[in-house]
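The values are calculated or read from the model by the stated rules, or taken from the named source; none is laboratory data. Since this is a predicted model, take the numbers as computed values, not measurements. Virtual Cβ from ideal backbone geometry, glycine too; neighbours counted across all protein chains shown. Note: accessible area is taken over every heavy atom of the protein model, side chains too, but ligands, DNA and RNA are not part of it. Shrake-Rupley method; radii C 1.70, N 1.55, O 1.52, S 1.80 Å.
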Amino acid sequence: YKVRLCVGGWWSEILLDSYFPVMATAPAFLCLKTSRAEVWPMLIQKAYAKTVDGFRYGSLTSGDGMNAIEDITGRPGSRYDDKVKEAALDPNHDDAKTLFTKLAAWCASGDLLVASTMGYGEADETFYDNTCLTVENSYAVLAMRHFEAEDIRLVRVRVPFGQSDQWTGPWSDG
């Protein structure tokens, strides 16, 4: 297999064999929930592991989601860490509402958005316990909605690898 990645701003072709680590009868890493027979997610992860840390899959368990998106897509990324922290402190402030509107528009237009939780020591772990999010993790942002009548803003994220419990609070699937 041959995979093209844009690592460090340079497009490279990475040659791969067809061997993938497994545990029991399932892939030991990334696969699609809808079809575990899809090979392309495993190829991308294997190529990325090869370029980042010489095939050490364990090193891909954490890191900066923005760097991964830039390396895989070749598109530049942007950070909004400080603005998101400010918005979390005062969600009703006009700047917070403007930021949400901007991010929701990018999400709706097909741009890739990643939300990451802070690392141990920086985070209030009880906050994450109450949201079913885990510390030091990245989540793909699937959708963002603002319900104007109630002035409620929701962000739908994908939990990677099923590492967290299913949210059962308000607006949950169940």
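What number of residues in the stretch 78-101 are basic (Lys, Arg) and surrounded by 15 or more Cβ atoms within 10 Å (Cβ to Cβ)?
2
On the given criteria, is Tyr57 modelled with pLDDT under 80, touching a helix residue (DSSP H, G or I) at 6+ places or on another chain (Cβ under 6 Å) and open to solvent by less than 70 Å² (accessible area, probe 1.4 Å)?
yes
Can you tell me which residue is farthest from the chain's Cα centre (by Cα) among those in the stretch 125-143 that are open to solvent by 60 Å² or more (accessible area, probe 1.4 Å) and at pLDDT below 85?
Here the residue is Thr126.
Mind listing whichever residues of the stretch 1-54 are touching a strand residue (DSSP E or B) at 6+ places or on another chain (Cβ under 9 Å), modelled with pLDDT of 80 or more and of a type in the set (D, E, K, R)?
Lys2, Arg4, Glu13, Lys46, Lys50
What pairs come out if I take residues in the stretch 102-124 that are crowded, with 16+ Cβ neighbours inside 10 Å and pair them with residues that are of a type in the set (Phe, Trp, Tyr) and at pLDDT below 80 whose C-beta lies under 8 Å away, six or more apart or interchain?
Matching pairs, first to second residue: Thr117/Tyr128.
Under 9 Å by Cβ, and 6 or more places apart or on different chains, what pairs join a residue from the stretch 70-94 that is farther than 30 Å from Val52 by Cβ and of a type outside the set (Gly, Ala, Ser) with one that is open to solvent by 80 Å² or more (accessible area, probe 1.4 Å) and not in a helix (DSSP H, G or I)?
Final answer for the pair search is Glu86/His93.
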